[in-house]
Structure formats: C-alpha cells, structure tokens
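*Asks:* My structure is below; once you've seen it, I'll send some questions.
The values are calculated or read from the model by the stated rules, or taken from the named source; none is laboratory data. Treat the numbers as computed from the prediction; the structure is a model and nothing was measured. Methodologically, a virtual Cβ is constructed for each residue, glycine included, from the backbone with ideal geometry; neighbour enumeration extends over all protein chains shown. These area figures cover heavy atoms from the full protein model, side chains too; ligands, DNA and RNA do not enter into them. Shrake-Rupley method; radii C 1.70, N 1.55, O 1.52, S 1.80 Å.
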Amino acid sequence: VQLVESGGGLVQPGGSLTLSCAASGSIIFSIWTMGWYRQAPGKQRELVATIGRSATTHYADSVKGRFTISGDNAKNTVYLQMNSLKPEDAAVYYCNAVFGPRIYWGQGTQVTVSS
C-alpha cells in the first residue's frame, strides 16, 4: 500500500487548504479506516480526523467545525478540507491507512499558516 499526500503549502490565518491522499496497492478503500495526523516541530504526532466504514468520521476537538474529512472510493483518495486555519494548525500532515494490524503512512505534506 502506498499513500501519497498533496495540497500542502503556505496560507494566511483564516485561510483554507485542501489536502489529498491518494492510495494505491492492496487496499480496499471502502473498508479501511483512513486518517489524517499532524506533527508540529517539537510535538508528538496527533490525530486530526479519521473516516471509516460507512463514511463514519471522527475529529480532534481542536479542528471540529473547521476541518472536514471525506473520501472518494472510486479514486481511492481521501481529502482534508481545512478552513479557518490558525497558526497552531501549522504542521506536517500525514495520511494514514489502517485495516486490522496493517498500518501505513504517507510521507507527509507541510502546512504553514503565517501572515
């Protein structure tokens, strides 16, 4: 399984970005749990959002109401729409795929929030 993130970049506070994660390989996208995590310098990697079977979603409290995770089964792609970005959202964002004991990570994409 390979996960390739894209869509990171520099955005001003209050702005928006959409991250994409394209999955390939031995993955049945609709039954895996896909997620986004982030890691800021000097901090531990933390959960941002996940989407599982039946498109069930879960969000960290810090992003609820601002971020939206979604998936396109036909394209094996998961998205993270990020609105009202804050400086504290700046981090490397990682895509994650989980099915039972199988866990895969993407290489990460940098999100910088600065004026």
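*Asks:* In region 62-97, what residues are among the basic types (Lys, Arg) and out of contact with any Asp or Glu (no Cβ under 9 Å at 6 or more places or on another chain)?
*Replies:* Hits for region 62-97 are Lys64, Lys75, Lys86.
*Asks:* Cβ-Cβ below 8 Å, separation at least six or inter-chain, first residue in region 80-97 and of a type in the set (Val, Ile, Thr), second open to solvent by 10 Å² or more (accessible area, probe 1.4 Å) and part of a strand (DSSP E or B): which pairs?
*Replies:* Final answer for the pair search is Val92/Arg38; Val92/Gln39; Val92/Thr109; Val92/Gln110.
*Asks:* For region 37-49, give me each residue that is open to solvent by 30 Å² or more (accessible area, probe 1.4 Å), out of contact with any Leu (no Cβ under 8 Å at 6 or more places or on another chain) and of a type outside the set (Lys, Arg).
*Replies:* The answer is Gln39, Pro41, Gly42, Gln44, Glu46, Leu47.
*Asks:* Looking only at region 80-108, count how many residues are in contact with a strand residue (DSSP E or B) (Cβ under 6 Å, 6 or more places away or on another chain) and surrounded by fewer than 20 Cβ atoms within 10 Å (Cβ to Cβ).
*Replies:* Residues flagged as in contact with a strand residue (DSSP E or B) (Cβ under 6 Å, 6 or more places away or on another chain) and surrounded by fewer than 20 Cβ atoms within 10 Å (Cβ to Cβ) within region 80-108 amount to 8.
*Asks:* Further, regarding this structure: List pairs: first residue in region 30-58 and assigned to a loop (DSSP other than H, G, I, E, B), second residue open to solvent by 50 Å² or more (accessible area, probe 1.4 Å) anywhere in the structure, Cβ distance under 7 angstrom, at least six positions apart or on different chains.
*Replies:* That search, which allows pairs on different chains as well, returns Trp32/Phe99; Arg45/Tyr37; Arg45/Gln39; Gly52/Thr33.
*Asks:* Restricting to region 7-26, name every residue that is modelled with pLDDT under 95 and loosely packed, with under 14 Cβ neighbours inside 10 Å.
*Replies:* Of everything in region 7-26, those that are modelled with pLDDT under 95 and loosely packed, with under 14 Cβ neighbours inside 10 Å turn out to be Ser24, Gly25, Ser26.
*Asks:* To continue, here is another question. Since Val63 meets every condition but one in (1) surrounded by fewer than 18 Cβ atoms within 10 Å (Cβ to Cβ); (2) touching a strand residue (DSSP E or B) at 6+ places or on another chain (Cβ under 8 Å); (3) farther than 18 Å from Trp105 by Cβ, which condition does it not meet?
*Replies:* Here Val63 meets the rest and fails (1).
*Asks:* Ok, one more. Condition test on Thr77, is it closer than 13 Å to Gly7 by Cβ, open to solvent by less than 60 Å² (accessible area, probe 1.4 Å), within 10 Å of the chain's Cα centre (by Cα) and among the polar types (S, T, N, Q)?
*Replies:* Answer is no for this residue.
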